[in-house]
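The next block holds one structure in the form of structure tokens; read it before the comments.
The values are calculated or read from the model by the stated rules, or taken from the named source; none is laboratory data. What you see is a predicted model; the values in this text were computed from it and never measured. Ideal geometry is used to build each Cβ from the backbone, glycine not excepted, and the neighbour counts take in all protein chains shown. When the accessible area is computed, the model is the full protein with side chains, heavy atoms only, and any ligands, DNA or RNA have been set aside. Shrake-Rupley method; radii C 1.70, N 1.55, O 1.52, S 1.80 Å.
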Amino acid sequence: MSTPSSLESLIEALRCLPGVGPKSAQRMAYHLMQSDRPGAKRLADALHLALGALKHCQRCNTFTENDICDRCRSSKRDPSMLCVVETPVDMNMMEQTHAYSGLYFVLMGRVSPLDGVGPRELQLEQLLARATDGQVEEVILATNFTNEGEVTAHYLTEMLKNRGLRVSRIARGVPVGGELEYVDSGTLAQAVRERKSLA
């Protein structure tokens, strides 16, 4: 007996989520239809609302319901610092540190030649316009420490330094509370290379 086409469509749609394979998608679909129809309705309504209401902030490129997001409009942020991150989730993580009070630019991706994503696909003209608006003095690159994140940081460094901007990169190293015997050698080597003078 074949699966109804509408259920097959739901299973296939759920597979677009990161980390969700065929079995997980099937489990989710059956759970929603069998045990949580109100949850399925809430999910459908929330997706419909988000798709209709969300757009990109004209200044930082994150998701917002307005032309300019609340963070970019805030007078409490330091406009001389611009932190470049890959995703809105990365921006939220930076905010949770309470260690940064400047503004952001969200790339909505990273340079990844294997996936067909080059600098052009990231629309870096918007970042360049933002970074050279006359207020920004330092651009902090907070891309991930993956191969793609490193390629992205290198490309952005070259692009921004040529415009006379000060460019820095967040440091890597031993985690707070970490013990050296449990830290991998690559992380420890990077911590040694990026050591700071104390006196």
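Legend: residues Tyr104, Tyr30, Tyr182, sorted from most to least accessible area (1.4 Å probe; ligands, DNA and RNA excluded), read Tyr182, Tyr30, Tyr104. When peptides 33-40, 139-146 are ranked by their average number of other Cβ atoms within 10 Å per residue, the highest-first order is 139-146, 33-40. Charged side chains reduced to their Cβ positions (Lys and Arg at +1, Asp and Glu at -1) give region 43-199 a dipole of some 560 debye around its Cα centre. For a test of the definition: using alpha carbon positions, the gyration tensor, and the 1.5 limit on a/c, classify region 83-170 as rounded, prolate or oblate. Oblate.
Using the Cα centre of the chain as origin and beta-carbon charges of +1 (Lys, Arg) and -1 (Asp, Glu), tell me which of Gln190, Gly102, Leu14 is placed farthest towards the positive end of the dipole. The listed residue farthest towards the positive side: Gly102. Close amide H contacts of Val167 (hydrogens built in the peptide plane, cut-off under 5 Å, sequence separation of 5 or more or a different chain): Val139. Once the C-beta distance of Arg42 and Arg15 is scaled by a Förster radius of 22 Å, the resulting FRET efficiency is 0.60 to the nearest 0.05. Distance between the pseudo-spin-label points of Asp67 and Val151 (7 Å out from Cα toward the beta carbon): 3.6 nm. Each residue of region 155-166 is assigned a 3J(HN,Hα), and the resulting list reads 4, 5, 4, 4, 5, 7, 5, 5, 9, x, 8, 7 Hz, derived from the Karplus form 6.51 cos²θ - 1.76 cosθ + 1.60 (θ = phi - 60°), x at Gly and Pro.
Run the accessible area of the chain with a 1.4 Å probe and give the carbon-and-sulfur part as a rounded percent. Heavy-atom surface of the chain belonging to carbon and sulfur, 1.4 Å probe: 55 percent. Counting only protein heavy atoms and using a 1.4 Å probe, the accessible area of Thr157 comes to about 40 Å². The string of couplings for region 35-41 from the Karplus curve (6.51, -1.76, 1.60, θ = phi - 60°) is 10, 9, 4, x, x, 4, 5 Hz, one whole number per residue in order, with x for Gly and Pro. Using only the Cα atoms of region 11-68, build the gyration tensor, take square roots of its eigenvalues as a ≥ b ≥ c, and label the shape rounded, prolate or oblate: rounded if a/c is under 1.5, else prolate if a/b is larger than b/c, else oblate. The shape class here is oblate.
3J(HN,Hα) couplings calculated from phi for region 111-126 with the Karplus curve 6.51 cos²θ - 1.76 cosθ + 1.60 (θ = phi - 60°) are, in sequence order, 5, 8, x, 5, 9, x, 10, x, x, 5, 5, 8, 6, 6, 4, 5 Hz; Gly and Pro show x. Taking the centroid of alpha carbons for each part, region 159-186 and region 32-105 are 25 Å apart.
For region 133-199, the Cβ-based charge dipole about the Cα centre amounts to some 280 debye (Lys, Arg positive; Asp, Glu negative; other atoms uncharged). When the Cα positions of Val136, Ala25, Tyr155 are compared along the charge dipole of region 1-156, Ala25 comes out farthest toward the positive end, with charges on each C-beta of Lys, Arg, Asp and Glu. Here the peptides 16-23, 120-127 are ranked by packing, the mean other Cβ count within 10 Å, and the order with the highest first is 120-127, 16-23. Once backbone amide H atoms are built at 1.01 Å from N, Val117 has Ser112 as its partners under 5 Å, excluding neighbours fewer than 5 places away on the same chain. A simple count of charges around His56, restricted to other residues whose Cβ falls under 12 Å of its Cβ and scoring Lys, Arg +1 and Asp, Glu -1, yields 0.
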